[in-house]
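Single-structure report; data block below.
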Amino acid sequence: MTPLTCDLWWGDLTATSPDRLRTLSALLDADERQRHARFRLQADKDRYALAHGLARLAVGRAAGIAPESVTFDLRCVPCERKADPPDRGPHGKPRPSGPAEGWEISFSHSGDRVLLAMARGVRVGADVERVRSLRASLDGLLDHALTEGERADLAALGPQEREAAFFTYWSRKEALLKATGEGVGNLTAVTLSVPGAPIEVRSWDSPDAPAPGHVHLRDIPAGDEYRAAVAVLTPRPLEIAVRDAAELLR
Ligand SMILES: [Zn+2]
């Protein structure tokens, strides 16, 4: 089988000037502009503009169209599964439509980083998490994110390793659940091997879970302060091309 390439674009807020951010915000469509306007904190506005602007630039370049012409359909898998979905208007995972149909994307932001994954014809999920202190909220977050077996595996690690391992778990699980479009509301649907051991999906309770041989789940190096992962759902061998968003912003 020919390898499939997944492009990963890294954006960094600290390396993006206010002028660039204004240029990126100008690429947003009407819905995106509304959301952008609703953020109260400037940092949230900036992260949103960088993530969504980058998605337009990367998809536009791949599809050979102007970034402003890129359109997305929003699809919410959890709502589609409900007999009587709430009427919330369009929401969910963006999927390129129109001339860019066939490309799949996933993006994530945390702290100063933005990560965009892109591939053609296969489902992708990306997640980046800034490693932060868990002391205050450890118990609630652990129950929210980890299954009983994972919590036991995490508890067996040394106290020094535990925090980073938790965010490794979290980024891997979010990447998987973002790939299927299920979203991150149910992180305990997936059980993974403990960080430090080879990455293995031990169980995945979902009607959309792919066959075991159809899942690539990889950590993406992101420095000590961040954990990042990408999931690509394909039986084909996978090549990952890690790229710097500065290349698109020139
Ligand atoms: Zn929904």
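Here are some notes:
- Here the peptides 50-62, 185-197 are ranked by packing, the mean other Cβ count within 10 Å, and the order with the highest first is 50-62, 185-197.
- Among ARG236, ARG250, the order by Cβ neighbours within 10 angstrom, fewest to most, reads ARG250, ARG236.
- Translational diffusion of segment 91-237 was estimated from the Stokes-Einstein equation, with Rh taken as the Kirkwood radius over Cα pairs; at 20 °C and 1.002 mPa s the coefficient is 137 µm²/s.
- Ranking of SER133, SER206 by count of other Cβ atoms within 10 Å, fewest first: SER133, SER206
- Net charge dipole size for segment 4-249 [Lys, Arg +1 and Asp, Glu -1 on Cβ; Debye, nearest 20]: 400 debye
- Two-site label geometry, SER17 and LEU74: point separation in nm, points 7 Å out along Cα→Cβ: 3.3 nm
- Segment 33-81 shape via C-alpha gyration tensor axes, a/c threshold 1.5: oblate
- The chain: translational diffusion in µm²/s, Stokes-Einstein, Kirkwood Rh over Cα pairs, 20 °C, 1.002 mPa s: 114 µm²/s
- Estimated inter-spin distance, GLN34 and ARG120, nm [label 7 Å along Cα→Cβ]: 3.4 nm
- Extending 7 Å from the Cα toward the beta-carbon at both ARG243 and ARG61 defines two label points whose distance is 0.4 nm.
- For the chain, calculated [θ]222 nm from helices alone, where every DSSP H run of n ≥ 4 adds -39500 (n - 2.57): -10500 deg cm²/dmol
No value in this document is a laboratory result; all are computed from the given coordinates. This is a predicted model, so every value here is computed, not measured. FYI the Cβ positions are ideal-geometry reconstructions off the backbone, even for glycines, and counts take in every protein chain you see.
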